[in-house]
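Each reported figure results from applying straightforward, stated rules to the coordinates on display, with no laboratory input. Note that this is a predicted model, so its numbers are computed, not measured. Backbone-built Cβ (ideal geometry, glycine too); neighbour counts: all protein chains shown.
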Amino acid sequence: MKILSLALAALISASAAAQSTPTVLVDADHRPSQSLNGPWHYILDPYSAGLSDFQGAINKHGFFENREPEANSNNAANNGLIEYSFSRSPTVKVPGDWNTQNIALLNYEGLFWYQRDFDFTPKPGSRTFIHIGAANYRARVFINGQHICDHEGGFTPFDCDATAALKPGKNFAVIAVDDTRLADGIPTLKTDWYNYGGLTRDVSLVSVPTAFIDDYDLHLSRTDHKTIEGYVHVADAPANTAVHLTIPEAHVDINATTDASGRAAISIAPASLNLWAPGNPKLYKVELSSGSDKLTDDIGFRTIEVSGTHILLNGKPIALNGINVHAEAPMRGGRVNTDADVKTLFDWLQQLNCNFVRLAHYPHDERMTREADRRGIMVWSEVPVYWAVHFDDPALLVKAKQQLGENVRRDRNKASVILWSIANETPNTPARTAFLTKLADHAHEIDPTRLVTAALLVRGEGDTKIVDDPLGKSLDVLGTNEYAGWYEMSPEKILNVKWDIRYDKPVIMSEFGGGAKAGLHGPETQRWTEEFQAAIYRNQITMLSKIPQLRGTTPWLLMDFRSPVRLLPGVQDGFNRKGLISDTGQKKQAFTILQKAYKENALAKPE
């Protein structure tokens, strides 16, 4: 790993002139684009031969050059020995993790080179970005052999300016993706989910004018609940650049101008506005323009805030009936990245009578938050500060802020997203609390319109669960994870559990539940049976319903998912079996129990 890291550092330094800093183009999925999805040639490179030579020095003629071996011996002598060939290599589909496309790649972790050819016609007076929806975990992007950018973080989008490297006609892209788990990564070395590697989301070329709208934030004011406020940012534009905003259905048509930073302030009070909410997921078509740049987005307007122990949506108390979802594709496995995947998951959510979902434990595909907007499902969105990262490392806080910022920038205009979660099940240490307090403050700073939470561990004294984590001071809503009946005590003893919550804040029970293998039946006392899991759910529902400040629940979880730490043969077989639905789509008994509880509003209460 040290040789690989040194090679990467040298490569970045050598290519600094060509490299750009990645950004996130807001609403990139609504811009005209040229898709680069489809088959890409690949080369496995576990020893980083494409980056460094046998002594660890930078390979100036690495795989990013996309050279081919010469058949003619004289040319071969002149051009040097070429020991790779993309054109002779197999292909994988993008978007998609490599693990589930070829059984030989299932457990591969390391450097993986992608290559594809494409035609390109530049537009006069434009810039072109390569948009990558996600690449797990580190990516280095090359166009026509030129180093364009690097990115770290496996679940957030990034956009790199490729204008200078592109040419009319034939072009090629090479992207090196390395999913090696890192002690100084976010997430860190050990997780309870599968480390799917690769270009797991859409890849495209997005062309924009030289000065273009790269960011905007339009939301309902928390103060009066009637005014749409926010900003539109125009990149590389002089002060006093004109911006035009229309919302035809709301009879909004205004002009604004940018300040010296490129930002145009927006404030408008429509005569009437139909507010977004579960059961009424109203979205307005918003049209933005500046110069020759034009954008459209579908945006819902609502407010979300807390008052004491209550969560208020549009000023009214609401209960959140939800469940956890991993980004595991139903039936086929691998990462969620198709409309069909998203439809299946949201159909199940609605069958459960959910109005809320926790997208665990990292930002999901943007299709998920778009669909949540359309269906009226509120969202808890999380960054993977998970378990025991190196909280005393300042560089890790920078990485966490980067991933949080990219997630917020992508989804800040999604009405469904009501909670930014900054962590899951982290140890209660001074270093952790200092780290996450800074991250919570950062979340409030970059998006003061949403609530900040984290999934906290609780401590026990006898039958009493105590919520007193010092991080709670920095959170708007307390998420709490507990597994009574599964990791501790038998299911019938769940009914004895009492709660001591030492904050006057809303509580979401962010995880509870137990495992079952679909189709395995027996008495309620037999672990791994559907009956055992059902007993846990029945008793948890009874116990949790007695917590006065419980405002939401997200049991663990909707569907079984692949996890390399779940190894019991014949039962787990590399899968976490806590789902209400198997990885092949078979519903377990507990599905019906939770479905009924949510229909009867038997868990969280609005007030």
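Would you mind telling me the antiparallel percentage of the DSSP bridges in region 279-385, rounded to 5?
Numbers: 14 of 20 bridges.
Bridges in region 279-385 that DSSP calls antiparallel: roughly 70 percent.
If each DSSP helix of 4+ residues adds -39,500 (n - 2.57) and the sum is divided by the residues in the chain, what number results at 222 nm, nearest 500 deg cm²/dmol? After summing the helix terms and dividing by residue count, I get -5500 deg cm²/dmol. Amide hydrogen proximity for Lys465: with H placed 1.01 Å from N in the peptide plane, the residues at 5 or more positions away or on another chain lying under 5 Å are Lys498, Trp499, Asp500.
The Cα atoms of region 305-599 give a gyration tensor whose axes a ≥ b ≥ c have a/c under 1.5, which makes the shape rounded.
Can you flag which of Lys399/Lys605; Lys493/Lys596; Lys401/Lys473 are past 28 Å Cα-Cα?
Correct reply: Lys399/Lys605.
For region 2-209, the Cβ-based charge dipole about the Cα centre amounts to some 300 debye (Lys, Arg positive; Asp, Glu negative; other atoms uncharged). Once you reduce region 222-263 and region 506-534 to the center of their Cα atoms, the two points are 51 Å from each other.
Annotation note: trypsin sites (Lys or Arg not before Pro) in region 473-576 located in DSSP loop regions with a Cβ neighbour count of at most 16 within 10 Å are Arg502, Arg527, Lys546. Each distinct pair of alpha carbons in region 409-448 adds a 1/r term; the inverse of their mean, the Kirkwood radius, is 11.5 Å. Overall, the anisotropy analysis places region 2-209 in the rounded class: the square-rooted eigenvalues a ≥ b ≥ c of its C-alpha gyration tensor yield a/c less than 1.5. Which shape class, rounded, prolate or oblate, goes with region 161-238 when its Cα gyration tensor gives a ≥ b ≥ c as root eigenvalues, a/c under 1.5 marks rounded, and past that a/b bigger than b/c marks prolate? It is oblate, given that a/c is not under 1.5 and a/b is not larger than b/c.
Count Lys and Arg as plus one, Asp and Glu as minus one, and take only other residues whose Cβ is under 15 Å from that of Leu81; the net charge is then -3.
A simple spin-label model places pseudo-atoms 7 Å from Cα toward Cβ; at Gln350 and Glu68 they are separated by 5.0 nm. Amide H contacts under 5 Å for Asn324: Arg358, Leu558, restricted to partners 5 or more places along the chain or on a different chain, H placed in the peptide plane at 1.01 Å from N.
Charges were assigned to the Cβ only: +1 to each Lys and Arg, -1 to each Asp and Glu. The resulting dipole of region 223-302 about its Cα centre is roughly 200 debye. Residue order for Val565, Val389, fewest other beta carbons within 10 angstrom first, comes to Val565, Val389. Working note: Karplus 6.51/-1.76/1.60 with θ = phi - 60° gives region 141-146 the couplings 10, 10, 10, 6, x, 8 Hz, where Gly and Pro are set to x.
Here Lys226 is the anchor, and the lysines within straight C-alpha reach of less than 20 Å, apart from those fewer than 8 places off in the same chain, are Lys282, Lys285, Lys316, Lys414. Cβ crowding within 10 Å, taken as a proxy for footprinting-reagent exposure, orders Ser33, Ser52 from fewest neighbours to most as Ser33, Ser52.
Rounded to the nearest 20 debye, the dipole magnitude of region 136-188 is 280 debye, with +1 charges on Lys and Arg beta carbons, -1 on Asp and Glu beta carbons, and the Cα centre as origin. In the chain, taking the dipole from charged Cβ atoms about the Cα centre, the farthest positive-side position among Ile58, Thr180, Ala256 is held by Thr180. A full extension of the chain between Arg181 and Lys316 corresponds to an added length of 44.2 nm, given 0.36 nm per residue minus the alpha carbon distance.
Once the Cβ-Cβ distance of Ala242 and Lys605 is raised to the sixth power relative to R0 = 45 Å, the FRET efficiency obtained is 0.35. Sites counted here are chymotrypsin sites (Phe, Trp or Tyr not before Pro) in a DSSP loop (not H, G, I, E or B) having no more than 14 other Cβ atoms within 10 Å; the longest part of the chain that contains none of them is 55-486.
Ratio of Rg to Rh for the chain, alpha carbon only, Kirkwood? The Rg/Rh ratio comes out at 0.98.
Partner lysines whose Cα lies under 18 Å from the Cα of Lys517, excluding those fewer than 8 positions away in the same chain, are identified as Lys578, Lys587, Lys588.
Derived scalar couplings between HN and Hα for region 446-454 equal 7, 8, x, 8, 10, 8, 10, 9, 7 Hz in order, rounded to whole Hz, by the Karplus curve 6.51 cos²θ - 1.76 cosθ + 1.60 (θ = phi - 60°), x for Gly and Pro.
Footprinting exposure proxy ranking of Ser290, Ser221, fewest other C-beta atoms within 10 angstrom first, gives Ser221, Ser290.
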